[in-house]
Amino acid sequence: MRLIKIFLMIYCSLSMLYDDAKAQIAVYGETVYTMAGDPIENGVVLVNDGLIEQIGTADNIRIPDGYQEYRAPVVTPGLIDSRSVVGLAGILNQEHDQDQLEMSDAFQPELRAIDAFNAREDLVKFILRKGITTVHTGHGPGALVSGQTMIVKTAGNTLEESLIDSTTAISVTLGAGIQGGYSTPGTRAKSVAMFRQHLIDGRVYAENRRSEDPPSRNLQKEVIADLLDGKINALIHVQRAQDIMTAIRLQREFGFHMILEGAAEAYLVMDEIKEAGIPVIIHPTMVRTWGETQNASFETAAMLKEAGIPVIFQSGYEGYVPKTRVALFEAAIAVANGLEPMDALRSLTIDAAYQFGIDDRVGSLEIGKDADLVLYTGDPFEYSTRAQAVIVDGNVVFELDSN
Amino acid sequence: MMMKRYIFLLVFFCVLWLPYSIAAQENIKVFSGAKIITATGDNFNDGVLIISNGVIESVGDRSQINIPSGAEVIDVTGKAIMPGLVDPHSHIGGGDGGDRSATLHPDVRILDSIDPRSDTIRRALSGGVTTANVMPGSGLLMSGQTVYIKLRPANTIEEMLVYVDEENEIYGGLKMANGTNPIGQSPAPGTRARSTAMVRNLFIRAQEYQQQMIDADGDAEQMPSRNLQMETLVEVLEGKRLVHNHTHRHDDILTAIRLADEFGYRMVLHHVTEAWKVADEIARSGYPASIIVLDSPGGKLEAEFLYYKTGRVLEEAGVDFGYHTDDSVTDSRLFLRSGAFGIREGMSREKAIESLTIANARMMDLEDRIGSLKNGKDADFIILSGDPFSVYTKVLQTWIDGSKVWDRDNPEDRKYATGGYNVIQRTSFSIHDYLNRRGN
């Protein structure tokens, strides 16, 4: 008993220490992009206990005693990478660190991203240092349904510390993006037939599980039922225009929440995408243009935005070098090719948060939201600019060497 | 009296027209008002570049350059002009190289496989690349002979070649690789030491072949029978043909240096992921290094420690270095970005310019012809909308040998800069993606 008391005392003092580590911070920015209203010139953000405590112009905010001060030319909310596989895919690209695609079967919606995420993976910490504080990651494209995706902060040391949303979507691939290694599907039409049958079976399961005599649990069908009940999204990886239309056709038939991913030829079917009201996680702007992405354009993000289609950015999946891309860099090339910088910044922050339903916590600098901030040496999109500090949940998790 | 007057008028007009006709004949063009970055250390904020007959006539500050009357003057005020980019490691043109029947292919020429009409060449032009060392693919100890080409519109590969040595028919180097890249199933080597032994064996045969040639002393009867592999390696041993050596890990870089030192051939180190660990050793060796910039480290074991800082570290160590695209590994349209990423980590802007131009010309023995804006050199240059190292800057025009070969204002050209539907018609086989599927 006494031992337990001592243990509790130690635990309490340790947790107090941890709270102290979430120090009070004042961040000055020559320009602070809050993403909730106009940018603030000479702005200050006060951070306390992991949350944003106060925000405004330097003239109007008194810095309380004991707040650690940081200064930067530009401050934004922590950036959101809307689609990655980091943490499941590792830096070495060897069998033991590649968990983003299971090859035993092409349809495995029951595979959870949370069971495969390595929070300490180098690639996760790499994108963190570039200003990505939140990432939608998980199973990759390449199977009809490869598994689930989730949303995490990039700063944690365990899944539990990092997790924002455990089951965000199932990762679906249509078209020739399905890897050749599966016995089936082997064609576009077959993949759609398979998926429709699974959805029809899932609909029956969803109905039955609401009945007084629910069926025995089936992990696969539970996930499809969750999709049909609107609890999770279908993240559909397609590049060719005809496959985009197939995705829209499926969505109309079954009515699930859908996000398009990749969409290299989206500029050919913008009216249709807009009418369907579907957001697009655009392929990395710098994607290699061969195979399915042969017709990718640097200007697609700008064209989609112009057409009024929600567009957000991804680092995507890479099978070779570089092992991950950086969503901020991909957005920068879109900005250089016609996308308005503020639109790009919105896509990397509040628009992405809104699409994933996590805008109550992240995506903008507002009182009460998570204290996730990026401090830059200049224009975030310029080649020469570096993230000079990254703050996640009120902790300074990265600082540039002073040299 | 009248006659005299006519003659006077005739003479007068002739004199008046003389400079114009000469200017027109010699096809003189004057680019005036741009910031000119010469890559020889001089920059002119209000510069003039004069070209004629495909060659640079003069370059300098507007106040110091005489503009020939009658010459075509092109106002480029507010723009920047710099030398055409020289890419010392590219895979544009859809070519291939040695196959899997062996791992040593010094006899194989990429010349015999390039499509000069490939869209990938047009796309590289839109990024400002004017000369490229197009290499056979990876995965072999020696994958074959490379070609140095200018990316001018051409129906045949011969029209694109840039000769280092016309007499000896040298217009390229020899691609070699070490580290994990060439390792695989037999006939490939299974280990690093085996890789090196195989290369040493072949060079020793080549030394013997070379000795037989020397001993023959011009007597055709005494010459060894022709052997394409040996002939190429003798060119390497004689220093006529450069070795371009793919190498990533710090110890593999040192192995490449050890081999080149042993046989006395001239070599450029390529990719050099971990050069930052052995920068002083590279500097002492005197071999130049060509860096690849990737957005993140990893993707294969050799690239785990690939950082943007390599350029800065090599500059500090005094290594002669530059960047390459390895297109399609990185995109020729974004070649300037590689230099900008060096600047991002503290490399000088001056070096960034050199590392995309003249330094790379040196790595192809072409520094007397291309890579800087200097009187008498080829008129290969690009016109930019602004600072070469800003993400917002566009390549507006690309000129090769005094001809405009790409113009962003022309929609048929512009599409290569942006991409879009059916812009890249021929999706060329990518050797790197092939290798990836093999698990390399």
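Could you tell me which residue of segment A:242-265 is most open to solvent (accessible area, probe 1.4 Å), considering only residues that are under 18 Å from A:GLY291 (Cα atoms) and over 20 Å from the mean Cα position of the chain (by Cα)? Among them, the one singled out is A:GLN242.
Yes/no matrix, rows are residues, columns are (1) buried (at least 19 other Cβ atoms within 10 Å of the Cβ); (2) over 20 Å from B:GLY318 (Cβ atoms):
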| position | (1), (2) |
| --- | --- |
| B:GLY218 | no, yes |
| B:PRO224 | no, yes |
| B:GLU238 | no, yes |
| B:ALA256 | yes, no |
| B:GLU262 | no, yes |
| B:ASP280 | no, no |
| B:PRO297 | yes, yes |
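Among the listed residues B:GLU302, B:GLU315, identify the single one that is free of Cβ contacts under 8 Å to residues at least 40 places away in the same chain and of a type outside the set (A, V, I, L, M). Step through it out loud before you land on a result.
Numbers: B:GLU302 fails: free of Cβ contacts under 8 Å to residues at least 40 places away in the same chain.
Just a single option satisfies the conditions, and that option is B:GLU315.
Residues of segment B:372-428 that are at the interface with another protein chain (Cβ under 10 Å from one of its Cβ atoms), part of a loop (DSSP other than H, G, I, E, B) and among the charged types (D, E, K, R): B:ASP387, B:LYS394, B:ARG426.
If I ask for residues that are open to solvent by 30 Å² or more (accessible area, probe 1.4 Å) and closer than 27 Å to A:ARG83 by Cα, which ones from segment A:204-232 would you list?
From segment A:204-232, those open to solvent by 30 Å² or more (accessible area, probe 1.4 Å) are A:204, A:207-222, A:226, A:228-231; that's our starting set.
Matches in segment A:204-232: A:LEU219, A:GLN220, A:LYS221, A:GLU222, A:ASP226, A:LEU228, A:ASP229, A:GLY230, A:LYS231.
Whether a residue is among the β-branched types (Val, Ile, Thr), open to solvent by 10 Å² or more (accessible area, probe 1.4 Å) and part of a strand (DSSP E or B) was assessed, and A:VAL390 does not pass this test. Identify, by number, the condition in (1) in contact with a helix residue (DSSP H, G or I) (Cβ under 8 Å, 6 or more places away or on another chain); (2) of a type in the set (Lys, Arg); (3) outside any loop (DSSP other than H, G, I, E, B) that B:ARG152 doesn't meet. The failed condition is (3). Can you tell me which residue within segment A:370-381, out of those that are crowded, with 21+ Cβ neighbours inside 10 Å and in a loop (DSSP other than H, G, I, E, B), is nearest to the chain's Cα centre (by Cα)? Looking at the filtered set, the residue picked out is A:ASP372.
Residues of segment B:33-48 being modelled with pLDDT of 95 or more and closer than 21 Å to B:SER348 by Cβ, which ones? Let's see the steps before the verdict.
Filtering segment B:33-48 down to residues modelled with pLDDT of 95 or more leaves B:33-39, B:43-48.
Of everything in segment B:33-48, those that are modelled with pLDDT of 95 or more and closer than 21 Å to B:SER348 by Cβ turn out to be B:LYS35, B:ILE36, B:ILE37, B:THR38, B:ALA39, B:ASN43, B:PHE44, B:ASN45, B:GLY47.
Of note, A:ASP401 does not satisfy the criterion of being farther than 26 Å from A:ALA263 by Cβ and under 18 Å from the mean Cα position of the chain (by Cα). Selection of first residues in segment B:223-235 that are farther than 14 Å from B:TYR265 by Cβ and of second residues that are open to solvent by 50 Å² or more (accessible area, probe 1.4 Å) and assigned to a helix (DSSP H, G or I), restricted to Cβ pairs under 6 Å at least 6 apart or on distinct chains, gives the following pairs, ordered by first then second residue: B:PRO224/B:GLN212. Within segment A:126-139, not a single residue is open to solvent by less than 50 Å² (accessible area, probe 1.4 Å), more than 14 Å from chain B (Cβ to nearest Cβ) and more than 18 Å from A:PHE356 (Cα to Cα).
Taken as a whole, the condition of being buried (at least 18 other Cβ atoms within 10 Å of the Cβ), modelled with pLDDT of 95 or more, under 18 Å from the mean Cα position of the chain (by Cα) and within 11 Å of chain A (Cβ to nearest Cβ) applies to B:ARG333. Entry remark, segment B:152-204: residues being exposed (fewer than 15 other Cβ atoms within 10 Å of the Cβ), under 29 Å from the mean Cα position of the chain (by Cα) and in contact (Cβ under 8 Å) with a residue 40 or more places away in the chain number 5 in total.
Scan segment A:99-125 for residues that are surrounded by fewer than 16 Cβ atoms within 10 Å (Cβ to Cβ) and without any contact (Cβ under 8 Å) to a residue 24 or more places away in the chain and the total you get is 2.
Beta carbons closer than 6 Å, at least 6 apart along the sequence or on distinct chains, pair a first residue in segment B:99-128 that is in a loop (DSSP other than H, G, I, E, B) with a second that is of a type in the set (Phe, Trp, Tyr) for B:GLY127/B:PHE335.
As a summary of the residue check, A:LEU88 satisfies the conditions (1) at negative phi; (2) surrounded by fewer than 24 Cβ atoms within 10 Å (Cβ to Cβ); (3) out of contact with any Lys or Arg (no Cβ under 9 Å at 6 or more places or on another chain) except for the one numbered (2). Scanning segment B:59-72 for residues that are closer than 20 Å to B:LEU384 by Cα and either touching a Ser or Thr at 6+ places or on another chain (Cβ under 7 Å) or not in a strand (DSSP E or B) (or both) gives B:VAL59, B:ARG62. Residues in segment B:359-411 that are open to solvent by 20 Å² or more (accessible area, probe 1.4 Å), within 24 Å of A:TYR383 (Cβ to Cβ) and under 19 Å from the mean Cα position of the chain (by Cα): B:GLN397 only.
Kindly indicate whether B:GLU316 is on the phi < 0 side of the Ramachandran plot, within 14 Å of chain A (Cβ to nearest Cβ) and touching a Gly at 6+ places or on another chain (Cβ under 7 Å). No; evaluated as a whole, the condition is false for this residue. Identification of helices (runs of 4 or more DSSP H) wholly contained in segment A:106-220 with 2 or more residues that are closer than 23 Å to A:ASP243 by Cβ and modelled with pLDDT of 95 or more yields A:188-209.
Which count do you get for residues in segment A:320-345 that are out of contact with any strand residue (DSSP E or B) (no Cβ under 9 Å at 6 or more places or on another chain), open to solvent by 20 Å² or more (accessible area, probe 1.4 Å) and either part of a loop (DSSP other than H, G, I, E, B) or away from every other protein chain (no Cβ under 14 Å) (or both)? Of the residues in that region, 3 qualify. For B:ARG258, the stated conditions do not hold, so it cannot be described as under 23 Å from B:ILE183 (Cα atoms), within 14 Å of another protein chain (Cβ to nearest Cβ) and among the basic types (Lys, Arg). Tell me, please, whether a residue that is in contact (Cβ under 8 Å) with a residue 60 or more places away in the chain, facing chain A (nearest Cβ under 9 Å) and of a type in the set (A, V, I, L, M, F, W, C) can be found in segment B:337-345. Looking for residues that are in contact (Cβ under 8 Å) with a residue 60 or more places away in the chain, facing chain A (nearest Cβ under 9 Å) and of a type in the set (A, V, I, L, M, F, W, C), one finds none in segment B:337-345, hence no. Would you check if there is a residue in segment B:73-87 being part of a loop (DSSP other than H, G, I, E, B) and modelled with pLDDT under 95? No, every residue in segment B:73-87 fails to be part of a loop (DSSP other than H, G, I, E, B) and modelled with pLDDT under 95. Taking the condition of a type in the set (Phe, Trp, Tyr), in contact with an Asp or Glu (Cβ under 8 Å, 6 or more places away or on another chain) and under 20 Å from A:SER347 (Cα atoms), does A:PHE298 pass? So A:PHE298 fails the test.
Here A:LYS305 fits the description: in contact with a strand residue (DSSP E or B) (Cβ under 9 Å, 6 or more places away or on another chain) and either at the interface with another protein chain (Cβ under 9 Å from one of its Cβ atoms) or of a type outside the set (Gly, Ala, Ser) (or both).
The values are calculated or read from the model by the stated rules, or taken from the named source; none is laboratory data. For clarity, every value in this text was computed on a predicted model and none was experimentally measured. Please note: Cβ atoms are built from the backbone with ideal geometry, for glycine as well, and neighbour counts cover all protein chains shown. Only protein heavy atoms, including side chains, enter the accessible area calculation; ligands, DNA and RNA are left aside. Shrake-Rupley method; radii C 1.70, N 1.55, O 1.52, S 1.80 Å.
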